[in-house]
Structures are given as structure tokens and as C-alpha cells.
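Novice: Take a look at this one; I'll ask things after.
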Amino acid sequence: MGCLPATDVLDGLIKYSSHCRHLNIETAKPPGIIQIPALIQFSKLETLYVTIHKGGQAALLVTPSSFPKLLGVRWEDWTDYKTRVIQPLPELPWESLRRLTLAYGGSDKLELREILNCLSQCNSLEYAEIRMNRCSATPRLPVLLPKLVTLVLDLHVGRLEIVNFLIAPNLRELTLCRGVLNIQDLTSFVDRSMFTLHTLTMRRIFFSNDSTTSLSECLLLLGNSLESLCIVHSDPILSITHLGSLTRTPGTQYLCPQLRELQLIGCVAPKLGALATMIRSRLSAIMQSSDFEPNLSSLRIAEFELDLPVLETFRRFGLNIIVTEVKNPLAVDL
């Protein structure tokens, strides 16, 4: 809505609320205040984006009946958690939401209980994105998200404990950004949910135990159904052992047999020929066999990969190669 005085914003909301389908409001940098009184009805609103900058406040004195058609919410709160004087989340029709993004950037720990209490009301949720600087977990029963298809978890500091409190039987796409992953937490999440994952993205994920063993266990746990795999890191966590386990050899078992799309940015062990050998094994046009499982069709790598000259020659066999020009692999926009 631009940077307007609070009275002008309120007048605009009252005037256009009955026609508005998408609303994006944010506090001015400080001491901005967002206020939406209960009398305003957003009868056609489908998406609501709220951004509270550090030093700002939000007072959405609304009820679920104020948003009868609301389907998507993005709530970004960059205030300091301990000094917040208002409720973290307003009363919204959580049970009807299909998309939800919660981003908290305060410097103090956020109680995970608040987020889980919100998610427990979201029975129709198909997309969930949770971003936090850090959080503290309180034991509670897991939250069932029966329709969730896509889950994005980004924790700047600490352990990704939230997976211990989720059940998502229809999950197909999982993105894990930053934070520390305990492979046992992930295993329990899979065992509880029994989902069939198609897409896995890991960006600068650290493991609580040995990274080589943990990454192998992760790919073994999720890999049978994966069609798309993306790993972005500043360290070569994808070792020669992993590349060997991903190499397709007739008559033997190997990781991720259904893989069609692969993105490896900054994470590949620097050994000449290892990556090219693995990729070559997954191109049936080269191997001249019709018995192989799905053919790798897309590869995205960084410009500094040692095997890039060899990989470029695979284009003539139908492999779509995307070369990413980037100094910092973690800054890659996927």
C-alpha cells in the first residue's frame, strides 16, 4: 500500500475492503503500526501478506468471519520476540487456508508451540513455509497436516526439531534450509507420515552426526521415489562414496533410481571424472540400453565444477545442462 499515514491506510481499507482480492501491508520502519479494526469485512480477499518490521506493531482485531474466502497467508514478523506487546498471530480462518508462510526474524528464541498451535488448525493446508532465526521446542503431540504437499523449513540457527511434531502423509516436496538435521528426527518423520517424496531440496543443511554417513542414510531413506534432488552447500558434502552409490550399474542397487532432475551446487567432492561418470551412467542414450529406469533429463551445476567440460558434451544425448554463474553457492536462486 506504500508508505502512508495510518489514517489514510485505514480509510483505504474501509473503502476497498469489499472488492479486494489480494492485500499486502507492512509497517513503516519504525515505529510503524498496522491496525485493522474488527468492523472491516474482506468478503472477497483470497491472499493476505503482512510484514512487521523491527520496532513495528500489528493489531489485526479481526475474526475468521472477516475473511470468508481467504486461502493464503504470509506473515513476516521481524520484531524482537521478547519485547512484542501484541499477539503474534491474529484470528484468521486457519482451517480453510491452502497456503501459509510464517517468517520470524526476531533475535530471541521463538516458542515452537506457537507455530504448531497455528498449524494444528490448518486441515486444508497444501503448502507450508516456516522460516525462523531459532526456536525452542516444547514436547507435544504431533500435528496432522492431511493435505500438505509442499513443506519448506528454514532455521538459521539450531536443530530442525519441528519435524518431530509433524505428520504429513501426502507430502511430495520437502525443502530444508540451513539449520542442523538429526537423521533420526527425519526417519521418525517419515515413519509417522509414510509419504512418498518426489522432490528433495537441501540448502546448507548440517547434520548432527557424521555428514557422510548421515547424507547416505538420508538418500537411502527418501531416494527410492525421488524424481528431483537439489543439494546446495559451501562444503563438498557429496563425497566420492555418494557419487559411487548414485552411479547406475546394471544388476545392482543404487541410490535414487527414479531421478530425472539433479542440482548440485558447491557440494561435490573435487575429484576429476567422478561426477561425469555418475551422470553418464544415467543417460540411456549413451549406455545404449532400454532396460534402464527413468533417464536423467536435467542437470544444474556451478561453473567451477571440475567435470564441466565433459558434462557439456552430454548435451547431444538430450541432457539439459544449466551452468550457474555464482561466487557464493548459497546465494543461488533455485
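Novice: So in the stretch 165-273, what percent of DSSP beta bridges are antiparallel if you round to the nearest 5?
Specialist: Of all bridge pairs located within the stretch 165-273, approximately 0 percent are antiparallel.
Novice: Can you give the accessible area of Cys20 in Å² (nearest 10), computed on protein heavy atoms with a 1.4 Å probe?
Specialist: 30
Novice: Quickly work out the Thr101-to-His156 label distance, labels modelled 7 Å from Cα along the C-beta direction, and quote it in nm with one decimal.
Specialist: Simple spin-label model gives 1.7 nm for this pair.
Novice: How much length, in nm to one decimal, is gained on full extension between Glu227 and Phe304, taken as 0.36 nm per residue of separation minus their Cα-Cα distance?
Specialist: Full extension from Glu227 to Phe304 adds 25.2 nm.
Novice: Can you list residues from other chains, or at least 5 along the same chain, whose modelled amide H is less than 5 Å from the amide H of Gln258?
Specialist: Excluding prolines and chain starts, which carry no amide H, the hits are Leu226.
Novice: Further, regarding this structure: Checking a compactness column here: for the stretch 93-201, what do you get for Rg(Cα) / (2.2 N^0.38 Å), N being the number of residues?
Specialist: Dividing the Cα Rg of the stretch 93-201 by 2.2 N^0.38 Å gives 0.97.
Novice: In nm, give the distance between the simple-model label positions of Phe206 and Ser18, each being 7 Å from the Cα along the Cα-to-Cβ direction.
Specialist: 5.6
Novice: What is the extension gain from Thr241 to Lys147, computed as 0.36 nm multiplied by their sequence separation minus the C-alpha to C-alpha distance, in nm to one decimal?
Specialist: That works out to 30.2 nm of additional length.
Novice: Same structure again: Trypsin sites (Lys or Arg not before Pro) within the stretch 212-320: which are DSSP loop residues with at most 13 other Cβ atoms inside 10 Å?
Specialist: none
Novice: Modelling each spin label as a point 7 Å along the Cα-to-Cβ direction, I'd like the Asp11/Gln253 distance in nm, to one decimal.
Specialist: Each label point lies 7 Å from its Cα, and together they span 7.1 nm.
Novice: Still on this model: Just to check I understand the Karplus step: with θ = phi - 60° and J = 6.51 cos²θ - 1.76 cosθ + 1.60, what whole-Hz values come out for the stretch 175-191, glycine and proline as x?
Specialist: Per-residue couplings from phi come out as 10, 10, 10, 6, x, 10, 10, 8, 4, 5, 4, 5, 4, 5, 4, 5, 5 Hz.
Novice: Relative contact order of the stretch 195-328, please, whole-number percent, based on alpha carbon pairs below 8 angstrom and at least 6 residues apart.
Specialist: The normalised contact order for the stretch 195-328 reaches 21 percent.
Novice: Leaving ligands, DNA and RNA out of it, rank Lys69, Lys44 by accessible area with a 1.4 Å probe, largest first.
Specialist: Lys69, Lys44
Novice: So if we plug the beta-carbon distance of Met194 and Glu325 into 1/(1 + (r/R0)^6) with R0 = 51 Å, what FRET efficiency do we get, rounded to 0.05?
Specialist: The calculated FRET efficiency here is 0.80.
The values are calculated or read from the model by the stated rules, or taken from the named source; none is laboratory data. Small disclaimer: the values here were computed from a predicted structure and weren't measured. With ideal geometry, Cβ positions are generated from the backbone for all residues, glycine too; neighbour counts draw on all protein chains shown. Only protein heavy atoms, including side chains, enter the accessible area calculation; ligands, DNA and RNA are left aside. Shrake-Rupley method; radii C 1.70, N 1.55, O 1.52, S 1.80 Å.
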